[in-house]
Structures are given as structure tokens and as C-alpha cells.
Amino acid sequence: MKDHQEQTPVDAVRQVLSSVVGANRVQQVRDDDLIFEHRVIDSLHVVEFVERIETTFGLEVDGADLTSENFSSLQAIARFVEARQAVS
Amino acid sequence: MTRGEAERSRCSTLLAKARKVGGAMLRRLVCIHTIDVVGRSTATAPPTVRCDPQLVLHQVTSLDSVVGAAPGQRDWPIIDLVARIRPLGRRLRARRRERNAERLAKGDLAYVATAGADVAAWIWVSREPSVHCRWSGLHFSLEPDEAYIYDLWSFPAHRATGAGAFVMQGLLEDLRRRGEVSRVYGYILRDNRPNQVLTRVVFGFEQVQRVKDLRVLSRLAWQLPFTEDPRVGPCSRPPLASRRRPRGGAVYSADSARLS
């Protein structure tokens, strides 16, 4: 079992997504699956998801960061989080 | 702490509170907003959104349709209150019908979502070459294949049911099917976080310009001249809002090199 330190950024994002939409919806999702096209998350949950990303990773996601590319897949979100954390 | 110091500390706390309240009141009277102007190609299909399965989309072409009616529904609390005074309520409904008739006469399209007998949400789109949005004060200059999306409204009782996203999806899907419009624009207030997320992340709109407006009593607004960033874009005055402007989202990004 992975402990917190071994958790990859994608795993951490997966965990945040699970907390919003439920673990069973996220289980089958691959890292590069498009989460909107696969209907893993919908418009009703996306605002909450972005807020959880902010609080979990200590980021402030502003308008320019809110792009469909940054939030397209678990991998893309993890890349975005890493990039933002590297800057701050 | 001496008595004098305690007194001074209390005074400064009261002064700080008064400043805060005064500032908030002043901001309601007059304030400057930053507005994000966003755009999207209609070639890409919009995502299918999850919403209340009862919702049905109507494209409105005349006042005989559902728009303009919305009977007995809660709108803004203040409007709802005023509308209970019968003559004022009649006047408000008449004004809404008049305004909608004017929009339809100009060729604007409306898409309305209903849930049973209730109007849940609506959205409008204009294809006029020059559009002045009374709500934001913005002036949009559009090319023949461009359109401006405005007045996305979902009634409070139908919020969190996906009604707003549903009408947006319907509009984008219809424009894509018609094929006459290749690009759509709209605006989002910077502090409207749900709308920012929905428009950009879910529907893939990209930032094309940033503009400031001066707002009085939260109702009257004017676009402030020379605040457009970049200078070339749909909210620039006609010489700058010409065909010269690039149409890719990346070029328009506020963080990329400025256009002159």
C-alpha cells in the first residue's frame, strides 16, 4: 500500500476527484482519459472540484488557469498542479 | 494598557469598521469591474452535460413561445417583491415582453429550457455586427460569421440542476449544426467563479480580451475607453476590431505578447 509520500501527483488528483464524484466513478479512469468526455465529472461538480484542488494543493486557480486543457485529464491536472507548485 | 490607550484602540477599531462599511456602500454605488471577454470556435462539439432529465430545450423564434412569460416564478427578490404590486408587476412583465420582442425583431435567437410548466433557464445570442450590452456596458464589434452570447439566466429554483449548462450546450450545438457562425463571444465577471469555471473548463471558452467597466448602482454600466487588453479584439472600437485581429485563442491569451 502506498503511503502519503509515495503518492504520485496523479494519484493525489485522483483522490481529490474521488472525494467529489465518488470512488467508483474514478476507479476505471485512466490517467490520460478525458474526464469530461468520459463523463467522469459534470458541470454540477466541476466548481467544487476546482475548489478542492485549490485547498488540497494550496493553490489559487485564477481565470487564466481555468482552461479545458489544464483540466482535461488526471494527468493534465497533475501537470498543471506541479507547474504551479514549482512557480510558488 | 492605560485608559487612554484602550480608548484610542476602541476608536481605531470603530474607524476601521466604518471605513469598511463605507467602502462597501461606495462600491455598490460606483465601482470599476474587470470583465473577461471569452470566445470559442463553434466547430468543436460542446460536451454533453448532466442535468435534470425533465429539462426540455426550445429554440424561441416568436413571443408566442415560452420566453417572456415565465409566469409566477421567483426572479430577483427585489423584482419579485415589486412584481407583487399588481400594476408594477404588469408593467414589468410588459417591459420584459417588449424587450424580448425587440431582440427577436433584430434577429437574435433565444434558447429556453423548461421543466414541466416552469421556465428553468434561457440564453440569447446576437448576430448583429455591433452589439451594445446594456448590462455590462461592453460594445462588441462582430464579423459576419461571429455571434455574441448574452443573458444566460437560470431561475433560482432551477439552479444546481444543470439548467444553465443545458441551455449553453443546446445553443452551441445548434450554432454548430447551422454552420453560419464560426466563433462565439461572451463575457464573464471576474468574481463570478461558477460561471468562470463552467464557461472556460467545461465549454472550452478562451480568454480573448480583458476590459474594465464603470458600474453605477450595480445596474448602469459603461465600458471604460482604452482599458482593452490586448488592444485588438471584439470589444475594441471599429478600427481595431477589424479583420486584422487574429482568431486563435492562444494569440489572444492575456499572458502572451501584446498585440499592437
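The values are calculated or read from the model by the stated rules, or taken from the named source; none is laboratory data. Being a predicted model, the structure only gives us computed values, none of them experimental. In this analysis, Cβ positions are derived from the backbone assuming ideal geometry, glycine residues included, and neighbour counts consider all displayed protein chains. Quick note on the areas: whole protein, heavy atoms, side chains included, nothing else; ligands and nucleic acids left out. Shrake-Rupley method; radii C 1.70, N 1.55, O 1.52, S 1.80 Å.
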Pairing a residue in region B:167-189 that is without any contact (Cβ under 8 Å) to a residue 12 or more places away in the chain with any residue that is hydrophobic (A, V, I, L, M, F, W, C) and open to solvent by 10 Å² or more (accessible area, probe 1.4 Å), where Cβ atoms lie under 9 Å and the two sit 6 or more apart in sequence or on different chains, gives none
If we ask which residues in region B:149-177 are among the acidic types (D, E) and within 12 Å of B:L57 (Cβ to Cβ), their number turns out to be 2
Residue hits (region A:58-72; in contact with a strand residue (DSSP E or B) (Cβ under 7 Å, 6 or more places away or on another chain) and either loosely packed, with under 14 Cβ neighbours inside 10 Å or aliphatic (A, V, I, L, M) (or both)) are A:A64
More than 19 Å from A:T67 (Cα to Cα), within 12 Å of another protein chain (Cβ to nearest Cβ) and open to solvent by less than 40 Å² (accessible area, probe 1.4 Å): is that true of B:S236 in this structure? no
The residue from B:V112, B:V49, B:V67 that alone is in contact with a strand residue (DSSP E or B) (Cβ under 7 Å, 6 or more places away or on another chain) and modelled with pLDDT under 85 is B:V67
B:N192 fails exactly one of (1) surrounded by 18 or more Cβ atoms within 10 Å (Cβ to Cβ); (2) under 30 Å from A:I53 (Cα atoms), namely (1)
Selection from region A:59-78 of residues farther than 13 Å from A:R14 by Cα and either in contact with a helix residue (DSSP H, G or I) (Cβ under 8 Å, 6 or more places away or on another chain) or among the acidic types (D, E) (or both) yields A:L59, A:E60, A:V61, A:D62, A:G63, A:D65, A:L66, A:T67, A:S68, A:E69, A:N70
Exception for A:M1 within (1) buried (at least 18 other Cβ atoms within 10 Å of the Cβ); (2) modelled with pLDDT under 90; (3) of a type in the set (A, V, I, L, M, F, W, C) falls at (1)
*Can we say A:V81 is at negative phi, at pLDDT below 90 and of a type in the set (V, I, T)?*
no
All-but-one check, B:F155 against (1) open to solvent by 10 Å² or more (accessible area, probe 1.4 Å); (2) within 16 Å of the chain's Cα centre (by Cα), failing number (1)
Given the conditions (1) at pLDDT 90 or above; (2) touching a helix residue (DSSP H, G or I) at 6+ places or on another chain (Cβ under 8 Å), every one holds for B:S141 apart from (2)
Picked from region A:8-57 (must be hydroxyl-bearing (S, T, Y) and more than 18 Å from B:P46 (Cα to Cα)), the residue most open to solvent (accessible area, probe 1.4 Å) is A:T55
Within region B:198-233, restricting to residues that are under 30 Å from B:C51 (Cα atoms) and under 14 Å from the mean Cα position of the chain (by Cα), the one that is nearest to the other protein chains (Cβ to nearest Cβ) is B:R200
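Per-residue answers, yes or no, for (1) open to solvent by 70 Å² or more (accessible area, probe 1.4 Å); (2) within 20 Å of the chain's Cα centre (by Cα); (3) modelled with pLDDT of 85 or more; (4) more than 30 Å from B:A221 (Cα to Cα):
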| position | (1), (2), (3), (4) |
| --- | --- |
| B:M1 | yes, no, no, yes |
| B:A6 | no, no, no, yes |
| B:A16 | no, no, yes, no |
| B:G22 | no, no, no, no |
| B:V38 | no, yes, yes, no |
| B:A43 | yes, no, yes, yes |
| B:T61 | yes, no, no, no |
Of the candidates B:I149, B:I79, the one satisfying the condition of being hydrophobic (A, V, I, L, M, F, W, C), at pLDDT 85 or above and either touching a Cys at 6+ places or on another chain (Cβ under 9 Å) or within 30 Å of B:I32 (Cα to Cα) (or both) is B:I149
